[in-house]
Amino acid sequence: MAVFGVAAPIARNPVFGSGTIKRRRIETHGFWIGEDAVESVYIVREKLAQDQAWGLEDLHGCPSVFAIQSPTIICAMAFPNKDGDKKIESLREKIRHHEYLYYVVDNPEISDSEFDKLMQQLKDLEAEHPELITADSPTQRVGGKPREGFVKVPHSSPMLSLDNTYNEEELRDWERRVHELSGRTDVDYVCELKLDGMSLALIYEDGKLVRGVTRGDGSVGEDVTLNVRTVRSIPLSMDRAKFKNAGIPADFEVRGELLMPTGAFKRLNEERERQGLATFANPRNFTAGTVRQLDSSITAQRRLDFFPYILLVRGRTYFERHWKTLDALEKAGFKVNSNRKMVHSMAEVWGFIQEWEGRRDSLKYEIDGIVIKVDRTALQDELGFTGKAPRWAIAYKYAARAGITQLKAIRWQVGRTGKLTPVAELDPVPIGGTTVRNATLHNADEIERLGVKIDDWVQVERGGDVIPKVAKVIKDDKDHPRGTKDFEMPKTCPVCGTKVVRAEGEVDYRCVNANCPAKLRETILHFASRGVMNIEGMGDALVNQLTERGLVKNVADIYRLTKDDLLSLERMGDKSAQNILDEIENSKKLSLERVIYGLGIRMVGERTAQFLAEHFGSMEALESAGAEELQDVNEVGPRIAESIVEFFSIAANRKLVERLREAGLTLTGKKKQRGTKLVGKTFVLTGTLAHFTRDEAKKMIEDAGGKVTGSVSKKTDYVVAGADAGSKLDKAKELGVEVIDEKEMEGIVGG
Ligand SMILES: [Zn+2]
């Protein structure tokens, strides 16, 4: 039995964590000690043919080797990391930045496949230089850190992510490791769809749902029980007979994927676009944003779905086979995904992968690959975990579907909020079974980033249900010569000819003409909708006819409609026409804030409209307010203020308001009486307060005339810091802003 340390072989091993080289199984554990040294412990478990294998010179500077007479060999080494590869560190920084955008603020800048590529680069570099692995490397952690606002809850056992594979060869490598580590070749596997949502743990006690927890960083998640309860496919309490029949004890935990079906995603994004809110890049980000809503009624409206795939009892897998777990969960009344298969070979796994790559568009939700798990729990336990992921499961990720074609022209599309989106007109190209003729270029910055010219050859990518996008320009390729024509940014709206505007610090160009025909239909639908002027009966069908026939050219025209106008429309009887006229008449009584909201001023949602109405008390005062005064209003920052000023600077918009006034709408309201004690004072709240909720503290300050904002700047007068205050407190100290506690806040507000 040979006993010795090894450092070099592990560097050639693609898997940091464990692997087999020349029939020796090696496990590695890397530790970051102090600031400039890494300690790695390598354990070799294998009987060797000869005692004499590697000499010390092969150990790459390993300073100490402990030879122990046992089948286990340990080499502990510590060495300086002064030459710390700058490339690795800058790559990590980049990945951390994108992780932050993705996990913390739910606003990614790069696609998943681009992110995966960065991650793979880092993994490769670290595999080459295991001595440079640090505990804080993105490869060494499970997920993002939870953001402020929800109570943190530890998981019963870590919620790990899976390692990814991208081709058949990598999959075969995984199978080989499973065979080698388990010492058997007759392994059953379960194939499941890799749902593109977010992981969630549900805890049931006595058959009742008591807690829903997000994955968080894998060991601690956020308690989102109230939101989870609104997901209709999650049982709030179990049918006793059912789960007895399923053989599940009354206290258990299920883990699975929470997701938003693509149809609901599309509708909600359209609605947000209509309200002038930022849209989400994909259903997964929408799901993450939804489950973190503080108002669970919003979550309820969004129709999330949940598919469980893990059952734990006291933190451990309960059934002896994974397949049985899925069946039992299904029997117990959970929505288990039916697209699953038990297989006995990698050939069958590969068949399943290919089958679903062709069928993924037929699903009502997005998948980004296939998950393969070893079926037997005993075998899973034997295979165990690396630091980051189980060895008994692997994900296969589908490649982004892409094609190369020539870009013929760039056309500008005007959206509902007036946003101009560049669309690439392509030489038609088949991608994943459909012919793609157009692809989005997102915005002018993206065109610049890509460096795209007319007649360039471009790579176009298509996700599940997402609009195809231009991913890159083909450069330095004889077969695909570069285009020469630069595109031109339109100076006026391609639909109405009004000058387009690009607000300071924003990427999008917009047509700000409220009467632009491109925006008209959606503007009217928004104005008439329930939450705004509540004109029942004025839905899609009616608005289509009214705009097509030119009966309504702006929202003020609604108040000029006559019964004869309405009767001239298709499928309109006397009674319905009268009902609509009554509805229109009733809408005139609605409050000022609704009218402000109804104007569709960009970035002015329901809440902002309410604050504006309370602050100004009349449309007239709002119209003439300058950017400075507007920023005195609750939650109105420079960008919103600018958007409002811009809206009223356009003659057509002022004329529109005038006509609404003539029509008899309510354009005055009650000014909210607020204290004057804190006028002009700006507060920022951070951390957890002991005696008030955030909303209560905010109301106290606002009632005294003060203003509460979200971020600390030089203009901030006070930062109120509660327990566990984070970066905002640091920022306040850095800027020298006065930091007060809860008691002091009460003193300032009350006293
Ligand atoms: Zn326009």
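For the pairs LYS94/LYS499; LYS123/LYS194; LYS94/LYS699; LYS475/LYS499; LYS499/LYS672, flag any whose C-alpha to C-alpha distance is greater than 30 Å.
Pairs exceeding the cut-off: LYS94/LYS499; LYS94/LYS699; LYS475/LYS499; LYS499/LYS672.
Mind checking which of GLY669, GLY687, SER649 is farthest towards the positive end of segment 624-696's charge dipole, using Cβ charges of +1 (Lys, Arg) and -1 (Asp, Glu) about the Cα centre?
GLY669
Of LYS589/LYS677; LYS671/LYS714; LYS519/LYS655, which sit over 23 Å apart, Cα to Cα?
On the way: LYS589/LYS677 34 Å; LYS671/LYS714 30 Å; LYS519/LYS655 17 Å.
Beyond 23 Å: LYS589/LYS677; LYS671/LYS714.
Could you tally the net charge around THR185, taking each other residue with its Cβ under 14 Å from the Cβ of THR185, Lys/Arg +1 and Asp/Glu -1?
+1
Which one of GLY626, LEU590, VAL604 has its Cα pushed farthest toward the positive end of the charge dipole of segment 584-632, where Lys and Arg give +1 and Asp and Glu give -1 at the Cβ?
LEU590
Report the per residue volume, in Å³, of the convex hull enclosing the C-alpha atoms of segment 401-473.
80
Given Cα positions, please report Rg to Rh for segment 566-645, the hydrodynamic radius being the Kirkwood one.
Rg/Rh for segment 566-645 comes to 1.18.
In square nanometres, what is one fourth of the surface area of the convex hull spanned by the alpha carbons of segment 682-749?
3.9
Among the trypsin sites (Lys or Arg not before Pro) in segment 684-751, which ones are in a DSSP loop with at most 13 other Cβ atoms within 10 Å of the Cβ? Mind listing them? Before the final figure, lay out each step's value.
Values: sites: ARG694, LYS698, LYS699, LYS707, LYS714, LYS715, LYS728, LYS731, LYS733, LYS743; in loops: LYS714, LYS715.
Here the trypsin sites (Lys or Arg not before Pro) that fit, given the DSSP loop and packing criteria, are LYS714, LYS715.
Using only alpha carbon pairs under 8 Å that are at least six residues apart, calculate the relative contact order of segment 379-429 and give it in whole percent. Before the final figure, lay out each step's value.
Working: 50 pairs, mean separation 13.4, N = 51.
Over segment 379-429, the number comes to 26 percent.
Any idea what log10 I(q)/I(0) is at q = 0.14, 0.16, 0.22 Å⁻¹ for segment 517-663, Debye with uniform C-alpha scatterers and no solvent?
-0.67, -0.84, -1.40
Rounded, prolate or oblate: pick one for segment 157-397, where a ≥ b ≥ c are the square roots of the eigenvalues of its C-alpha gyration tensor, a/c under 1.5 means rounded, and failing that, prolate if a/b is larger than b/c, else oblate.
oblate
List the aspartates and glutamates whose Cα lies under 12 Å from the Cα of LYS373, skipping any in the same chain that are fewer than 8 positions away.
Within the straight-line cut-off, LYS373 pairs with ASP163, GLU175, ASP188, GLU192.
Taking 32 Å as the cut-off for C-alpha to C-alpha distance, list the pairs among LYS86/LYS419; LYS266/LYS324; LYS453/LYS731; LYS266/LYS341 that go past it.
The answer is LYS86/LYS419; LYS266/LYS324; LYS453/LYS731.
Under a Cβ-only charge scheme (Lys and Arg +1, Asp and Glu -1), can you give me the dipole magnitude of segment 682-749 about the Cα centre, in debye to the nearest 20? Each step should come with its number before you reach the end.
On the way: 10 positive and 13 negative charges, 62 e Å.
In total the dipole reaches around 300 debye.
I need the fraction of alpha carbon pairs in segment 306-443 separated by more than 19 Å, rounded to a whole percent.
Roughly 67 percent, once rounded to a whole number.
Dividing the convex hull volume of the Cα atoms of segment 426-566 by its residue count, what figure in Å³ per residue is obtained? Before the final figure, lay out each step's value.
Details: hull volume 25.3 nm³, N = 141.
Hull volume normalised by residue count: 179 Å³.
Only counting other Cβ atoms within 10 Å, I'd like THR693, THR668, THR214 sorted with the fewest neighbours first.
Numbers: THR693 10, THR668 15, THR214 27.
Going from least to most buried by this count: THR693, THR668, THR214.
Bear in mind that the values in this text are calculations on the coordinates, not laboratory data. Computed from a predicted structure; not experimentally measured. With ideal geometry, Cβ positions are generated from the backbone for all residues, glycine too; neighbour counts draw on all protein chains shown.
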